[in-house]
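The structure appears right after this line, and notes come after that.
The values are calculated or read from the model by the stated rules, or taken from the named source; none is laboratory data. Treat the numbers as computed from the prediction; the structure is a model and nothing was measured. So basically every Cβ, Gly included, is an ideal-geometry build from the backbone, and we count neighbours across all protein chains shown.
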Amino acid sequence: MKKWVYVILVLLFCAFVLKACVHKDNPASYPPQIRPKSDIERVEYPPQAKTVSINGVDFLQSQAPVGSFGGELRTSTIGEGPKTFNPFNSKDNISSIMSGVMYDGLLSTDPETGEPIPKLAKSLEVKGNDYIVHLRRGVKWSDGKEITADDVVFTWKDIIFAGFGNTSTRDSLIIDGKLPSVTKIDKYTVKFTTVQPFAPFVRMLSTEIAPKHVFEPAVKKGKDYFYTFLSTNTDPKDFVTSGAFRLKEYVPAQRVVFERNPNYYIINKNNEKLPYLDRLIYFIVGDLNNEVLKFEGGEIDVIGLQGANVARFKEREAHSDYRIYNLGPNTGTMFLTMNLNDRKNKDGKYYVNPMKQKWFQDVNFRLACDYAMDRKNMVLNIANGLGEPLYTAESLNSIFLNRKLEPYQRDLEKAKEYLRKSGFYWDKKGHLLDRQGNHVEFDLFTNAGNTEREAIGVMVKQDLEDLGMKVNFKPVEFNTLVNRLLNTLDWDMAIMGLTGSPLEPNGGKNVWMSDGTLHMFNQRQEEDRESRRYDWEKQIDEAYVKGALATNFEERKRYYDEYQRIAYEQKPFIYIYSPIIITAIRTKFKNVFPSALAGITYNLEEIYIDNDKDNNTKNRKK
Amino acid sequence: MQLLIYILKRILQSIPLLIIVSLISFFIIRLSPVDPLAELKLNPSVSKETLQKETERLGLDKPIIVQYGKWAKSFLKGDLGITSNGEKVSTKLKERIPNTLLLAVVVIFMTWLVGVPLGVLAALNRKSPLDRILTVLTSIGMAIPSFFFAVLLLLFAVKTGWFPVGGLTSSNFAEMPFGAKLLDLAHHLVLPVTVLFTISLAGLQRQMRANLLDVLDSDYVKFAKAKGLSDFKVVYKHALRNAINPMITLLGFEFAGLLSGAALTEYVFQYPGLGRLILEAVLRSDINLVMASLMMGSIMLIVGNLIADILLIITDPRIRVKGGAA
């Protein structure tokens, strides 16, 4: 008898516990949908900041509405936190963000148009190969020393050109084995001279400037010492910065705290020194879920949202203290690529099975695969509708995007037509065979653990199998995949993603130039440097070289349009979609002007807190 | 004297063990397909020259055995090397060890303070309703996966707002007066301690109960009772001293787990401890950091066992006598 009571009690307990799961598993009540383009925020940007001279000091005056001082903004970064605070050593995104907060460059980017605009520099003159930078008079480092041409020359000559830290900037500036020269003309003027006209150079002038009096001793101690200079173990007091904030505290695996730089050179319309905020805090969180919890718990103020969270947060937005902004597609590109390698490895064996080579190197085959992709379906099912189908090599927010390249729908008939053209045919069971009667079967790789790419892989497999191909989908460990793509080169197809710059296509030269380090679809090893190129590879090489050398925007755009057209026609990469960036920020923050190019907190110095509750509700979306 | 020789012997025995542990771990990490530079290689803005320099700096261009030799040499000198980001491993560990120790010590202290008496209580009142309730509670404690429990508590913190969502200190910790600092730490510690406490309490209470029951059942206890000793004296003077011996061995193992035992809980609560550091290091194949923490773990295990054995010699006259005879 007693036993029965226990059994019933246990069953009841289980039932109650499971009840919670039943409730959770209900289908989401918001069906995903492709977002209309008009949903992207139309923001009224304030006029561009201008230079104002007060008592011989050339301040930069922000034209944004005047706000009130004080308060803090709390945001977060996912992962291990910064690896260094030295802007010249950073190789990862988080470290770059952290040093970007502390050090300003000569130029920055207009959030609306993407044009270079003056920051630490007062103005820039471009005369042929000469770039003459005029600095602001009387502007100071956070320790009170003046920022002069010496700092600029030191930064470029003794740090960047001398090969200290991360040498990527330097390496990309070497033209015919020569580096640009930099000379001091007077205390406030610096002249850069490139060997040839080199358009991407202007963007590189946004590189941070280092205080000579702090960095010089470190540079003298050599490259090994420089590598550890201003690391995360450095005492915050040792940082001398030019940016809106300076380091206050770094607590490993917990947070980075910045405090306002009292000597900052940007002022508001009342001529008061910015930034408004007293403190800026980056919490270091381990994963996305924790970040979302922290936002819900009110511990952070800004968050990038993804997937199902967007619908959940949107639902609650009207009764909350935050607002959600849609910043449009980001610079990330997701693509399917095929191994177009036609060479032999050191052992005399082909990297790619010659039978498969015939398929992959056939443009009709690639076009057929492309027309079989159901991008819309993938955006709906994988990105929860928060993505934009992609057809071009430049990302959708790029100022160099070739808008003439039309998007198209999935078209299986057209795909089959392309296959027939190249002699492929189907047997009675619907399997695809090539001209020689081989079954079309290959491996499709992606990195395991990335749920988004795994999901894309499954759908790509289905789409291609609709054409009668047999696809063996194999998610492998990230490192293994990279090794296959770049070193052993024994792969057939892969799904990968890369990020680019919306402002400067030249950054993609490692991918598109035929001898690039990331020229995945036809990766050349050291010994294959001189091997045969496809005609269209040569054309892309040419477009890239000319595009970098041309100076005015229209001319450059012509070359980059050309490379995008070739990529669009030849399909070495079959682009799938770009995710859309959705950001939420608390409504108490004002002067927030989100931009597809720059994000939401690029103007940290202008952002202020409005503590008046009424204003915050009025601003809310109805 | 004999004790000293014994300790010396044990230390000598552990040296080959440490060498084997280091060899195995080094080779397993290096032979795994994890490439510390994979992330960089896929970054279009990183040039070939930078990659080449990184490879040389990390010594990845040399054969594994040379890499091991280099590591072992500097390890013997007491130099733990640098992480793949160029920071000193020793500083990195120093940042985290106090945090993990704080968590572990609080948890161990609480579980022993609560677990042992509860075990005794349950054993003395065997088959009473109290014993039954304790059994059910500890079963639940043992059954809940720590990861799941931690996530539940985190959700609880978000919904109620009573506790901070992860971390160890508030952002204005540096400016707080001393008393407020302690309170802030305690506030952040409540949830992770609850998780670890619930889970290890269950095991400890059960162990204690079983040990004591065994002893209570033995002949000498029956004899002592028959002799007319008071229950109090029988239990606390005779039975408990014998029942506690296996617990001391257990303590030795817990000492080893001190520094690395709570990785999952640390991860969920974003606790800035060693577990999270090591997890991230393994994912990055940061060899010096991983090796340093593995070696530390093995040394802790050896030392823990040694301490437990010494404690046993002190508490258990039987072992002492045997050691003396030999």
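Values computed for the structure shown
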item	result
Any hit, region B:22-29, residues being buried (at least 16 other Cβ atoms within 10 Å of the Cβ), away from chain A (no Cβ under 12 Å) and modelled with pLDDT under 85	yes
Residue, farthest from B:Arg30 (Cα to Cα), within region B:61-93, restricted to residues that are outside any loop (DSSP other than H, G, I, E, B) and β-branched (Val, Ile, Thr)	B:Thr91
Any pair with Cβ under 6 angstrom, 6 or more apart, that starts in region A:537-552 at a residue that is of a type outside the set (Gly, Ala, Ser) and ends at one that is surrounded by fewer than 16 Cβ atoms within 10 Å (Cβ to Cβ)	A:Leu549/A:Gln196; A:Leu549/A:Pro197; A:Thr551/A:Pro197
Qualifying residue in region A:401-412 (condition: surrounded by 24 or more Cβ atoms within 10 Å (Cβ to Cβ), in contact (Cβ under 8 Å) with a residue 60 or more places away in the chain and out of contact with any Gly (no Cβ under 7 Å at 6 or more places or on another chain))	no
Qualifying residue in region A:346-359 (condition: more than 14 Å from every other protein chain (Cβ to nearest Cβ), among the acidic types (Asp, Glu) and free of Cβ contacts under 8 Å to residues at least 24 places away in the same chain)	yes
Exclusive hit being part of a loop (DSSP other than H, G, I, E, B) and within 26 Å of A:Pro579 (Cβ to Cβ), set A:Phe400, A:Phe445	A:Phe400
A:Glu125 being at pLDDT 90 or above, under 22 Å from A:Val219 (Cα atoms) and among the acidic types (Asp, Glu)	no
Members of region A:216-269 that are assigned to a helix (DSSP H, G or I), facing another protein chain (nearest Cβ under 10 Å) and not aromatic (Phe, Trp, Tyr)	A:Lys223, A:Asp224, A:Thr228
Conditions (1) at the interface with chain A (Cβ under 8 Å from one of its Cβ atoms); (2) assigned to a helix (DSSP H, G or I); (3) free of Cβ contacts under 8 Å to residues at least 40 places away in the same chain: number failed by B:Val46	(2)
Number of the exception - A:Arg170 against (1) at pLDDT 90 or above; (2) not in a loop (DSSP other than H, G, I, E, B)	(1)
Per-region count, region A:437-473, residues more than 14 Å from chain B (Cβ to nearest Cβ) and in contact (Cβ under 8 Å) with a residue 24 or more places away in the chain	23
Failed item in (1) in contact (Cβ under 8 Å) with a residue 40 or more places away in the chain; (2) at negative phi; (3) not in a strand (DSSP E or B), with A:Ile284 passing the rest	(3)
Of all residues making up region A:529-545, the number that are in a helix (DSSP H, G or I) and surrounded by fewer than 18 Cβ atoms within 10 Å (Cβ to Cβ)	6
Flag for B:Val106 being of a type in the set (A, V, I, L, M, F, W, C), more than 14 Å from chain A (Cβ to nearest Cβ) and in contact (Cβ under 8 Å) with a residue 24 or more places away in the chain	yes
Answer residue from region A:567-578, given it is surrounded by fewer than 21 Cβ atoms within 10 Å (Cβ to Cβ) and touching a helix residue (DSSP H, G or I) at 6+ places or on another chain (Cβ under 9 Å) and is nearest to A:Trp512 (Cα to Cα) among those	A:Gln570
Subset of region A:62-95 [crowded, with 17+ Cβ neighbours inside 10 Å and closer than 26 Å to A:Arg136 by Cα]	A:Ser62, A:Ala64, A:Gly67, A:Phe85, A:Asn86, A:Pro87, A:Phe88
Verdict on A:Tyr391 being under 30 Å from A:Asp110 (Cα atoms), touching a Phe, Trp or Tyr at 6+ places or on another chain (Cβ under 9 Å) and either modelled with pLDDT of 90 or more or not acidic (Asp, Glu) (or both)	yes
Subset of region A:274-328 that is of a type in the set (Ser, Thr, Tyr) and within 26 Å of A:Ala244 (Cβ to Cβ) - its residue that is nearest to the other protein chains (Cβ to nearest Cβ)	A:Tyr282
Members of region A:431-478 found to be crowded, with 19+ Cβ neighbours inside 10 Å and of a type in the set (Gly, Ala, Ser), listed by number	A:Gly457, A:Gly468
Residue list for region A:79-108, filter: within 19 Å of the chain's Cα centre (by Cα), touching a residue at least 12 places away in the same chain (Cβ under 8 Å), at negative phi and within 11 Å of chain B (Cβ to nearest Cβ)	A:Glu80, A:Pro82, A:Lys83, A:Asn89, A:Ser90, A:Lys91, A:Ser95
Residue that is farthest from A:Leu489 (Cα to Cα), among those in region A:418-436 that are in contact (Cβ under 8 Å) with a residue 12 or more places away in the chain and part of a helix (DSSP H, G or I)	A:Lys421
Total residues in region B:168-223, condition more than 30 Å from B:Pro272 (Cβ to Cβ) and either loosely packed, with under 14 Cβ neighbours inside 10 Å or among the small types (Gly, Ala, Ser) (or both)	7
Some residue of region A:41-51 being under 30 Å from A:Leu380 (Cα atoms) and at pLDDT below 70	yes
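Yes/no matrix, rows are residues, columns are (1) out of contact with any Pro (no Cβ under 6 Å at 6 or more places or on another chain); (2) within 14 Å of chain A (Cβ to nearest Cβ):
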{"position": "B:Leu60", "(1), (2)": "yes, yes"}
{"position": "B:Gln67", "(1), (2)": "yes, no"}
{"position": "B:Lys77", "(1), (2)": "yes, no"}
{"position": "B:Ile82", "(1), (2)": "yes, yes"}
{"position": "B:Gly115", "(1), (2)": "yes, no"}
{"position": "B:Val158", "(1), (2)": "yes, yes"}
{"position": "B:Val165", "(1), (2)": "yes, yes"}
{"position": "B:Leu168", "(1), (2)": "no, yes"}
